[in-house]
Each structure stands twice: as C-alpha cells, then as structure tokens.
Amino acid sequence: MSGYPIAVVVGSLRRESFNHKLAIAVAKLAPPEFSFTHVRIDDLPLYNQDDDANPAEAVKRLKNEITAARGVMFVTAEYNRSIPGVLKNAIDHASRPYGKSVWAGKPAGVLGVSSGAPGTAMAQQHLRLVLAYLDVPTLGQPEVFIQAKDGLFDAVGNIGTDSRQFLQGWMDRYVAWVTKHSKS
C-alpha cells in the first residue's frame, strides 16, 4: 500500500455541520501522500449484538473502509457533553464482535468544533476513553477544541488565517503520529 489513506469519521450528520467543514478544510493541510476518505455512518442500523453473525451491508462497508485505512481522523460534535450517538453507534459496529475490532492499532487524531466556548472538549475526552479501550493509539497533543467564530473558515471553506498556523501544527503532528504508528 502506498501513501497514507485516512478514514475520516465525522460525528455530526447536520447538512451544514461545522465539523464536516473542519474535516474537509484540515485535510487540505496534509502532505500529498495523505488521502482522506469520509466514512459514511448515517445509514448504519442501531448496534445489536444479535446481528454480529450477519451484519448489514452498511456495517460491512464501514468495517472494510476502516480496515483499508492506515489511520483515522475523528472530527466530532458535542451533544450533551458527550459524543453524538451516531458516532458511538459506528464505533460499536466496527469494534464487534468482541475480538474482531477493526479499530485496534489504527493511529487516530481527534478534533472538533462547536459554537460553545469549550469547543468539543468533553466529547473528545469521552471519545478518547472509548478509543483507549479499543487499542487505538490516539495523538494526545495538541488538543483541538475550537469555537466556531467568524474567520475560522475563509470564503471558499479553507482554514482562515487566524487558525491556520495552529491547525497546521496539529496536522503536522498527526502526520508524524500516523507515519510512526501505522502498519504498511
């Protein structure tokens, strides 16, 4: 496998999601050997252990996309001080049945944006707890808790000048993390 395909999991389904915009914009800060594919999670059935032996096609697709990636980038909203249910559902599907998680060993980065001042700090902490259990080596620093403000994105959707240096620094660290921890 050449290059570094990255699975992008956005924990928001909203059409005009800040996190979806952030995922697209921050990927543009990566070097050319990194490619980013947004993993679809809106069509997954609710996780039910009874279905482990015969998963839905959407679940098979999710697991195949995570398996094919050399790393994962989670870009999550925060709902009620935690991760959105749709994100937890996707994580559960791809981690089951027990002992057959496709997340294990995949280097990850976590970031998020919200309208509130603390960004998505609590959601990210909850997500990091889940990822630690699933044996996902997760970049610890820098943490990215962004408040959505004018200027975060420029007129064409790129990272605005006020946040570009910080997010470029995050991407540089993420690239080094994935390069160090991914399996070829």
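Where a number appears in this text, it was derived from the coordinates with a stated rule and is not lab data. Bear in mind that the values here come from a model prediction, so they are computed numbers and not experimental data. All Cβ positions, even for glycine, are placed from backbone atoms using ideal geometry, and neighbour counts span all protein chains on display.
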Looking at VAL130, is it under 29 Å from ALA56 (Cα atoms), of a type outside the set (S, T, N, Q) and surrounded by fewer than 19 Cβ atoms within 10 Å (Cβ to Cβ)? yes
Residue count, the range 130-166, condition more than 14 Å from the chain's Cα centre (by Cα), under 29 Å from ASP92 (Cα atoms), assigned to a helix (DSSP H, G or I) and hydrophobic (A, V, I, L, M, F, W, C), comes to 1
What is the residue count in the range 1-42 for residues that are buried (at least 20 other Cβ atoms within 10 Å of the Cβ) and without any contact (Cβ under 8 Å) to a residue 24 or more places away in the chain? 0
Within the range 78-96, residues among the basic types (Lys, Arg) and surrounded by fewer than 16 Cβ atoms within 10 Å (Cβ to Cβ) come out as ARG81
Select from the range 133-167 the residues that are of a type in the set (Val, Ile, Thr) and touching a residue at least 24 places away in the same chain (Cβ under 8 Å) and write down the one among them that is surrounded by the fewest Cβ atoms within 10 Å (Cβ to Cβ). ILE146
Which numbered condition GLN125 fails, given (1) part of a helix (DSSP H, G or I); (2) of a type outside the set (Phe, Trp, Tyr); (3) buried (at least 20 other Cβ atoms within 10 Å of the Cβ): (3)
Which of the residues belonging to the range 97-108 are touching a helix residue (DSSP H, G or I) at 6+ places or on another chain (Cβ under 7 Å) and surrounded by fewer than 23 Cβ atoms within 10 Å (Cβ to Cβ)? SER101, VAL102, TRP103
Boolean, LYS63 is crowded, with 18+ Cβ neighbours inside 10 Å, outside any loop (DSSP other than H, G, I, E, B), at negative phi and out of contact with any strand residue (DSSP E or B) (no Cβ under 9 Å at 6 or more places or on another chain): yes
Checking ALA77, ALA94, ALA90 in turn, the sole residue that is among the small types (Gly, Ala, Ser), part of a loop (DSSP other than H, G, I, E, B) and in contact (Cβ under 8 Å) with a residue 12 or more places away in the chain turns out to be ALA77
From the list ALA104, ALA117, which one is assigned to a loop (DSSP other than H, G, I, E, B), among the hydrophobic types (A, V, I, L, M, F, W, C) and over 29 Å from ASP50 (Cα atoms)? ALA117
